[in-house]
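Undergrad: Next up is a structure, given as structure tokens.
Read the figures in this text as sums done on the coordinates, not as results from a lab. Nothing here was measured: the structure is a model prediction, and the numbers come from that model. As a convention, Cβ positions derive from the backbone with ideal geometry for all residues, glycine included, and neighbour counts pool all protein chains shown.
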Amino acid sequence: MFVKNWKKEIFTIPNLLSLFRLLLIPVYVTIYLNATTMEHYFLSAAILAVSCLTDMIDGKIARKFHMISNLGKILDPVADKATQFTLIICLAVKHPALWYLVGLFIIKEGFQAIAGMILLRSGRILKGALITGKVCTTVLFISLIALVLLPELSENIVRWIVLFDSLFMWVAFVDYILAFSGKKSKFENLNEDPNHPEV
């Protein structure tokens, strides 16, 4: 059974942090798209920094205090991807060169979502995020937050940032294709208790 105890699945600190990151998205969009001063841009970047911080600590809390849940394994990456997608879209509104990243992001994440749902129907998910995916996420957040903080960057520099980010995205994309095909990663059975696996 996928959810044995819905309260235990939902009301954990890591899950609440993931939900908090989702709630930060409309706040960020409102402030960034209506920004007229550097203070607004700094506030937008601060919101993203808080989102990144909660993303860094929720997994550690889940492991240390045995709060790993099947819902959390899905909710955490959903919050990450929703934040990344929103960030790229908002920046693309002001920097057209980023529309290429938007398209690549949709293709990459669309593939992962479809492949993940196929696995999920059989009660399985990938056993943890791939290192290339983690590196890609880190590079994206750092470079895109820099664009938020530096709204007056020339479009030539923005295009170089897009090229740099797209290289990491392509590497992660290929790695996930191999992972979902079973060549580079192991699958995890969701029917097992993540905090008390069978031995």
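Undergrad: Over the alpha carbons of the stretch 12-102, what is the largest minus smallest coordinate on each principal axis, giving the biggest first in Å?
TA: 44, 28, 16
Undergrad: In the neighborhood of TYR100, defined by Cβ-to-Cβ distances under 14 Å, what is the net charge if each Lys or Arg adds +1 and each Asp or Glu adds -1?
TA: 0
Undergrad: Okay, helix-only estimate at 222 nm for the chain: each DSSP H run of n ≥ 4 adds -39500 (n - 2.57), divide by all residues, round to 500 deg cm²/dmol; what do you get?
TA: On the way: 7 runs with 146 residues, N = 199.
Computed ellipticity for the chain at 222 nm equals -25500 deg cm²/dmol.
Undergrad: Mind ranking 21-33, 148-160 by how tightly packed they are, going by the mean number of other C-beta atoms within 10 angstrom, highest first?
TA: Working: 21-33: 16.0, 148-160: 13.2.
Highest to lowest by the protection proxy: 21-33, 148-160.
Undergrad: Along Cα→Cβ, 7 Å out, is where each label goes; now give me the distance between the ones at PHE187 and GLU155 in nm to one decimal.
TA: Between PHE187 and GLU155, the simple spin-label model gives 4.7 nm.
Undergrad: Counting only Cα atoms, I'd like the Rg/Rh figure for the chain, Kirkwood definition for Rh.
TA: Values: Rg = 17.8 Å, Rh = 17.9 Å.
Dividing the radius of gyration by the Kirkwood radius yields 0.99.
Undergrad: While we're here: Cα centroid distance between the stretch 83-137 and the stretch 60-80, in Å?
TA: For the stretch 83-137 versus the stretch 60-80, the Cα centre distance is 18 Å.
Undergrad: Let me ask you something else. For Cα pairs less than 8 Å apart in space and 6+ apart in sequence, what is the mean separation divided by the residue count of the chain, i.e. the relative contact order in percent?
TA: Numbers: 182 pairs, mean separation 52.5, N = 199.
Relative contact order of the chain: 26 percent.
Undergrad: For the chain, what number of Lys pairs, 8 or more residues apart or on separate chains, have alpha-carbon atoms under 12 Å from each other?
TA: 5
Undergrad: What value in Å³ per residue do you get for the convex hull of the alpha-carbon atoms in the stretch 83-157? Provide the component values of the computation, followed by the final result.
TA: Values: hull volume 6.9 nm³, N = 75.
Given the Cα convex hull of the stretch 83-157, per-residue volume reads 92 Å³.
Undergrad: If you don't mind, there's one more thing I want to ask. Net charge near THR138, counting Lys/Arg +1 and Asp/Glu -1 over other residues with Cβ under 12 Å of its Cβ?
TA: Working: positive: LYS134; negative: ASP55, ASP80, ASP165.
Net charge in that neighbourhood comes out at -2.
Undergrad: Under a Cβ-Cβ cut-off of 15 Å, what is the net charge of the residues other than LEU24 that fall near it, where Lys and Arg count +1 and Asp and Glu count -1? Write out the running numbers ahead of the final one.
TA: On the way: positive: ARG21, LYS81; negative: ASP55, ASP58, ASP76, ASP80.
It works out to a net charge of -2.
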